[in-house]
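Asker: Below: one structure in structure tokens.
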Amino acid sequence: METRTYTTDVLIIGGGTAGTMAAIKAKAAHPELEVLVLDKADIRRSGAISMGMDGLNNAVIPGKATPEEYTLEITASNDGIVDQLAVFRQASECYSIVQELDSWGVDFEKDVNGNYEVYRVHRKGRYVLPMPKASDLKLILAKKVKQMRCKVVNRVMATRLLTKGNQAVGAIGYDVRTGELVIVQAKAVVMTAGAAGRMGLTDSGYLYSTYENPTNSGEGFAMAYHAGAELTGIECYQINPTMKDYNGPACAYVAGPFGGYTANAKGERVTGCDYWSGELIMNMWKMANKGEWPLFLKLSHLDDAAISQIEAILHNNERPSRDRFHAGRGKDYRTDMVELHFSELGLCSGHSASGVLVNHEAETSVKGLYAAGDMACVPHQYLLGALTFGKIAGTNAAHFADSVTHIEPDPGQIEAEKQRIARIAGHSDGVPHQQVEYKIRRIVTQYLMPPKTIVKMEMALEKIAHFRKVDLQLLGARDPHEVGRALEVHSIVDCAELMAKASLFRKESRWGFYHYFLDYPERDDENWLKRVIVRKSASGDCELYTKELPPYILKPEPEPEAGVEAEADSTDQQALTH
Amino acid sequence: MSNLSANFVPQRVEASVIIDRDKCIGCNICVQVCPMGILTLDQDGKAYMQYDECWYCTPCQTDCPVDAVTVNIPYLVR
């Protein structure tokens with residue numbers, strides 16, 4: 001295996017939303033430093049929002065909402081397990097990001113006076129800011145990265161961090177086009193490698209029809225774990241409401257302001273809050289199990305002009321192939337309701353709360369290592385959180401890099417990783433990655449999917465141990481592209497094991513369906529209003545322990561009584577509680 | 001697996017990304033932007049879908065300067 005090496009001041013792993021912003025802001029903070037972005041794809045179209053996004057779900061716009069209100073809302077939405085200071089910081093600093101994106105040419109919805117339009121989807125506040133023509137968001141960010149003279153290396157998949165004691169000193173990667181081993185020596189590292197989106201099997205049976213971009217396969221979680229960083233919220237899975245068989249979101253956020261809504265099979269409105277949370281999925285799951293299923297997105301009562309506007313957003317943005325999916329099934333929003341369903345299981349802080357533990361400065365528990373976006377635990381942060389914390393991570397990483405000197409990487413770490421990759425690359429008649437991936441994702445779907453039980457999760461761990469011993473040894477690849485896919489399977493196995501272990505450790509139920517644990521069916525704030533941490537110890541064992549939450553800076557509001565709705569006006573989204 | 005007469009059974013797969021070879025100018029942009037890295041140029045310098053790992057996300061189609069790319073939904077998802 002040939003080896004290529006780079007030396008940089010700041011290394012960014014993953015050039016998606018958070019990574020591009022981290023690179024831009026690292027360079028802005030210290031223009032004299034070298035900033036290198038590694039991406040397993042191409043930063044122009046990589047990450048969760050390859051084809052842009054139709055809106056920012058959590059924009060705290062002065063005059064429309066306050067950081068305090070947003071922080072309390074997310075504290076309640078994530079059942080209290082938040083670092084309020086981090087959430088508050090996102091809420092306080094996101095408006096300047098919106099203004100900056102606006103100045104870079106991102107098209108936001110504004111009223112006649114030029115003020116940002118915001119809509120309500122959360123339980124209380126108005127934070128949804130549409131950007132109906134932002135399919136080019138990644139192109140804009142990538143151009144800015146180039147303007148700032150950051151170095152970009154595409155098609156290199158980072159696979160392990162290089163560490164010295166408890167400090168990050170670079171990373172090892174693999175070029176999925178040339179098959180070269182890539183070694184990067186860095187003074188500071190920002191991890192922005194995205195969600196673990198290929199955990200559960202998809203309903204369609206196609207491996208890559210995942211809600212998340214399938215390139216987001218959990219390398220960030222796995223790399224951080226193997227480097228000894230603390231991870232948290234791994235038991236708080238992600239499951240999203242999507243269109244049945246199609247990986248586009250259920251789209252109540254887009255359709256709601258036009259008068260679209262979630263309906264039952266009779267076309268009757270199902271009331272409640274469409275804000276994505278474990279509670280929403282729990283309500284959906286209960287309805288499914290009572291036979292009150294499926295649910296639908298209903299638009300057919302709207303006039304043609306409204307439907308055309310909705311189509312213009314949905315069919316050109318985020319998931320533009322939605323048009324041909326509907327056409328292929330002979331469905332039209334004008335005459336047909338769209339069947340909804342659950343996405344597959346995953347780990348993602350953007351919509352849920354799993355990730356590397358970071359504080360309000362995007363610092364991880366490893367010195368010189370920062371994390372942001374879908375792989376860093378700032379709950380429910382969405383796209384705007386990735387941008388805001390990308391900025392914080394990039395800025396702080398640059399400051400850190402400016403204060404230290406390079407540390408030589410440990411040849412033993414490089415050799416161990418080279419062996420892991422070479423074993424796959426040298427096994428061209430091994431079992432293809434698709435089949436090995438199907439099998440581990442089958443285990444995830446059948447044994448880790450809530451409702452969780454001790455029996456099922458212990459069986460999952462037994463099967464995962466067997467899988468490591470047998471299946472991963474059979475895994476083979478015929479070219480560098482397939483080696484990359486096979487390495488992704490390794491990440492999926494690592495994440496699956498952490499999901500089972502973290503879930504078994506939290507002996508209560510929390511976050512609605514995401515951690516619905518039948519052996520401990522009640523939420524237990526007295527004992528479990530705290531984090532569960534997973535970490536690889538110096539001796540290589542998986543350690544699990546709890547950690548107290550940072551002190552709240554705002555007092556949570558009392559939870560409303562069960563069955564009592566938060567106030568809602570007629571034009572806004574309503575919830576799925578029956 | 002070395003003593004088996006045939007390791008793999010070939011399977012027919014329909015490509016979801018279709019390239020109009022008359023239009024394709026071999027500029028490589030679709031190959032570059034595909035997140036999953038599944039496109040490549042053939043010996044004639046025309047793009048084609050080499051791996052059945054499509055997210056049908058459409059940058060290849062959108063960014064093609066000569067409208068040579070059509071993204072269809074993979075069979076299982078249709």
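Asker: With over 24 Å from A:HIS380 (Cα atoms), touching a residue at least 40 places away in the same chain (Cβ under 8 Å) and not hydroxyl-bearing (Ser, Thr, Tyr) as the only criterion, which of A:GLY484, A:GLY426 stands out?
Answerer: Details: A:GLY426 fails: touching a residue at least 40 places away in the same chain (Cβ under 8 Å).
Only one candidate passes the filter, namely A:GLY484.
Asker: Moving on. Of the conditions (1) without any contact (Cβ under 8 Å) to a residue 60 or more places away in the chain; (2) of a type in the set (A, V, I, L, M, F, W, C); (3) away from every other protein chain (no Cβ under 14 Å); (4) more than 25 Å from A:ALA502 (Cβ to Cβ), A:ALA460 fails just one. Which one is it?
Answerer: (4)
Asker: Determine, yes or no, whether A:TYR447 is closer than 24 Å to A:GLY194 by Cβ, out of contact with any Cys (no Cβ under 7 Å at 6 or more places or on another chain) and at pLDDT 95 or above. Please lay out each step first, then the result.
Answerer: Details: closer than 24 Å to A:GLY194 by Cβ: no; out of contact with any Cys (no Cβ under 7 Å at 6 or more places or on another chain): yes; at pLDDT 95 or above: yes.
In short, no.
Asker: Would you pick out the residues in segment B:25-71 that are in a strand (DSSP E or B) and facing chain A (nearest Cβ under 7 Å)?
Answerer: We begin by selecting, within segment B:25-71, every residue in a strand (DSSP E or B); these are B:39-41, B:47-49, B:69-71.
B:VAL71 - this is the single residue of segment B:25-71 that is in a strand (DSSP E or B) and facing chain A (nearest Cβ under 7 Å).
Asker: Need pairs with beta-carbon distance below 7 Å; first residue under 11 Å from A:GLY233 (Cα atoms) and within segment A:499-528, second among the small types (Gly, Ala, Ser); sequence gap 6+ or separate chains.
Answerer: Pairs found: A:TRP511/A:GLY278; A:TYR514/A:GLY278; A:TYR514/A:SER352; A:HIS515/A:SER503; A:HIS515/A:SER509.
Asker: Taking A:ASP323, is it assigned to a helix (DSSP H, G or I), free of Cβ contacts under 8 Å to residues at least 40 places away in the same chain and outside the structural domain of A:TYR447 (by TED's automatic domain parsing)?
Answerer: Values: assigned to a helix (DSSP H, G or I): yes; free of Cβ contacts under 8 Å to residues at least 40 places away in the same chain: yes; outside the structural domain of A:TYR447 (by TED's automatic domain parsing): yes.
In short, yes.
Asker: Here is a follow-up. Among the candidates A:ILE61, A:ILE12, which residue alone is crowded, with 23+ Cβ neighbours inside 10 Å and not in a helix (DSSP H, G or I)?
Answerer: On the way: A:ILE61 fails: crowded, with 23+ Cβ neighbours inside 10 Å.
Checking each option against the conditions leaves just A:ILE12.
Asker: Which condition does A:GLN473 not pass, out of (1) more than 14 Å from chain B (Cβ to nearest Cβ); (2) assigned to a helix (DSSP H, G or I); (3) under 28 Å from A:GLN434 (Cβ atoms), if it passes all the others?
Answerer: The number of the failed condition is (1).
Asker: Identify the single condition in (1) within 26 Å of A:SER503 (Cβ to Cβ); (2) surrounded by 24 or more Cβ atoms within 10 Å (Cβ to Cβ); (3) more than 24 Å from the chain's Cα centre (by Cα) that A:LEU299 does not satisfy, given that it satisfies every other one.
Answerer: If we test A:LEU299 against (1) within 26 Å of A:SER503 (Cβ to Cβ); (2) surrounded by 24 or more Cβ atoms within 10 Å (Cβ to Cβ); (3) more than 24 Å from the chain's Cα centre (by Cα), just (1) comes out false.
Asker: Does A:LYS64 satisfy being farther than 25 Å from A:VAL190 by Cα and touching a residue at least 40 places away in the same chain (Cβ under 8 Å)?
Answerer: On the way: farther than 25 Å from A:VAL190 by Cα: yes; touching a residue at least 40 places away in the same chain (Cβ under 8 Å): yes.
It is true that A:LYS64 is farther than 25 Å from A:VAL190 by Cα and touching a residue at least 40 places away in the same chain (Cβ under 8 Å).
Asker: Looking only at segment A:171-214, filter to residues that are within 14 Å of chain B (Cβ to nearest Cβ) and charged (D, E, K, R); which one of those is nearest to the chain's Cα centre (by Cα)?
Answerer: The extreme case among them is A:GLU212.
Asker: Restricting attention to helices (runs of 4 or more DSSP H) lying wholly within segment A:214-299, give those where 2 or more residues are in contact with a Ser or Thr (Cβ under 6 Å, 6 or more places away or on another chain). If you could, list the steps in order and put the result at the bottom.
Answerer: Details: elements: A:219-226, A:252-255, A:278-289.
In segment A:214-299, the matching helices (runs of 4 or more DSSP H) lie at A:219-226.
Asker: Of all residues being within 14 Å of chain B (Cβ to nearest Cβ) and among the small types (Gly, Ala, Ser) in segment A:23-75, which is farthest from the chain's Cα centre (by Cα)? Just the residue, please.
Answerer: The initial filter retains those residues of segment A:23-75 that are within 14 Å of chain B (Cβ to nearest Cβ), namely A:39-53.
After this cut, where a residue has to be among the small types (Gly, Ala, Ser) as well, the list is A:41, A:46-48, A:50, A:52.
Details: A:ALA41: 17, A:SER46: 14, A:GLY47: 10, A:ALA48: 8, A:SER50: 14, A:GLY52: 15 Å.
My answer is A:ALA41.
Asker: Then there is this: Step by step: first the residues of segment A:228-273, then only those that are among the polar types (S, T, N, Q) and closer than 30 Å to A:ASP494 by Cβ, then the one that is farthest from the other protein chains (Cβ to nearest Cβ). Which residue is that? Can you show your working first?
Answerer: Narrowing segment A:228-273 to residues among the polar types (S, T, N, Q): A:232, A:238, A:240, A:242, A:247, A:262, A:264, A:271.
Now restrict to residues that are closer than 30 Å to A:ASP494 by Cβ: A:232, A:238, A:240, A:242, A:247.
On the way: A:THR232: 28, A:GLN238: 17, A:ASN240: 16, A:THR242: 12, A:ASN247: 8 Å.
So, considering only residues that are among the polar types (S, T, N, Q) and closer than 30 Å to A:ASP494 by Cβ, the one farthest from the other protein chains (Cβ to nearest Cβ) is A:THR232.
Asker: Next question, about the same structure. Please report, ordered by residue number, the strands (runs of 3 or more DSSP E) entirely within segment A:92-168 with at least 3 residues that are within 25 Å of A:ALA255 (Cα to Cα). Steps first, answer last, please.
Answerer: Working: elements: A:126-130, A:151-154, A:156-164.
By residue number, A:126-130.
The values are calculated or read from the model by the stated rules, or taken from the named source; none is laboratory data. Predicted model, so just to flag it, every value in this text is computed and none were measured. Counting neighbours? That spans all protein chains shown, and the Cβs are built from the backbone with ideal geometry, glycine included.
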